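> Take a look at this one; I'll ask things after.
Where a number appears in this text, it was derived from the coordinates with a stated rule and is not lab data. Quick caveat: nothing in here was measured; it's all calculated off a predicted structure. Cβ sites come from the backbone with ideal geometry, for glycine too, and all protein chains shown count toward neighbours.
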Amino acid sequence: MSAVAETRRSGVSAQGVVALDAWVESVGRRWGRSERTVFAARLCIAELAGNVVEHGGATSAEDHIIVTLHCRSNGIGIEFLDTGAPFDPTGSAVVAKSAAKSGAKSAAQPAPSGSATEGGRGLMLVRAYAKDLSYRRDGPYNRIEMTVAPD
Amino acid sequence: MEITILDFGDSGKKVMLTGKLDIVGAQKIELPLATLAGTRSNIVIDMGGVDFIASIGIRQLVMASKAVARGAGKLVLLDPTPLVTDVLVTSGLLDLLPIVRSEDEARAALSRPAGT
């Protein structure tokens, strides 16, 4: 991991996603990353966080998102953790949240909205803009790691 | 996100968007854009003031384009920034959301028969 990193915790809400975006933009600019790299980081985080808000099945104020940004020579490293339903964005695998955690909560769905044309674009964008995208379940968290870097 | 709807001569309506087309921005444009698209007039969406777009924002544009097309109308995106253009291109939706770079180009695109 890199020596310079910053972490932000957010609630699972639309306003939380907006606040995360403003933070990512601020940190990226402070680190002197290119506009394109900062934009890519913002896009990936907005898509993942938006997916948690829309489909993660959050039911309590304790549900949250934790984002850590790492300043790297080749771009920005991103660790994205959320307490939403188990969901692997690297392969579109959607798993029902455990009964112990979710109760009556339904399984998350991969961004459907009317048609295949309209849904699922977010994860496709993450895969297009991020490098070294990885996923694992880490206790109560989905842990997603990636790097965004200039072409 | 701010949305302003103007006449676009005899060609249809012009929608000016300013700000971030993110999860909150998409919510703000959803009703006015859907209402306008429901009239099935041609729509030019001026994207020059949009400095960020996520898939949830693209979804609103796609739904409006489909609604307009049901009445044989067209929707075009006017002059998005390079970074926003990249997202739109990567999304693979240029058939539904064609990009034009000037108002003259928009008028020409809207005057062509649907499907061309």
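> Just to be sure I follow the definition: excluding the sites themselves, where is the longest run in chain B that has none of the trypsin sites (Lys or Arg not before Pro) in a DSSP loop with at most 16 other Cβ atoms within 10 Å?
It works out to B:41-100.
> To the nearest 0.05, what FRET efficiency results for A:E62 and B:L6 with a Förster distance of 45 Å applied to their C-beta separation?
The calculated FRET efficiency here is 0.45.
> While we're looking at this one, here's another question. Treating each Cα of the protein assembly as shown as an identical point scatterer and ignoring solvent, apply the Debye formula and state log10 I(q)/I(0) at q = 0.10, 0.12 Å⁻¹.
These q points yield log10 I(q)/I(0) values of -0.52, -0.73.
> Report, in deg cm²/dmol and to the nearest 500, the calculated mean residue ellipticity at 222 nm for chain B, where each DSSP H run with n ≥ 4 adds -39500 (n - 2.57) and the sum is divided by the residue count.
Taking each H run of at least 4 residues, the total per residue is -14000 deg cm²/dmol.
> Moving on. Take B:L94 and A:K131, extend 7 Å from each Cα along the Cα→Cβ direction, and tell me the distance between the two endpoints in nm.
For B:L94 paired with A:K131, the spin-label model returns 2.5 nm.
> Continuing with this model, one more query. Identify, among A:A3, A:A58, A:A19, the residue whose Cα sits farthest towards the positive end of the charge dipole of the range A:1-95, taking +1 on the Cβ of Lys and Arg and -1 on the Cβ of Asp and Glu, with the dipole about the Cα centre.
Most positive-ward Cα: A:A3.
> Which values, in whole Å and largest first, are the semi-axes of the equivalent ellipsoid of chain B obtained as the square root of 5 times each eigenvalue of the Cα gyration tensor?
After diagonalising the Cα gyration tensor, the semi-axes are 19, 15, 13 Å.
> With r defined as the distance between the Cβ atoms of B:K66 and A:A5 and R0 fixed at 51 Å, what FRET efficiency is calculated, to the nearest 0.05?
0.75
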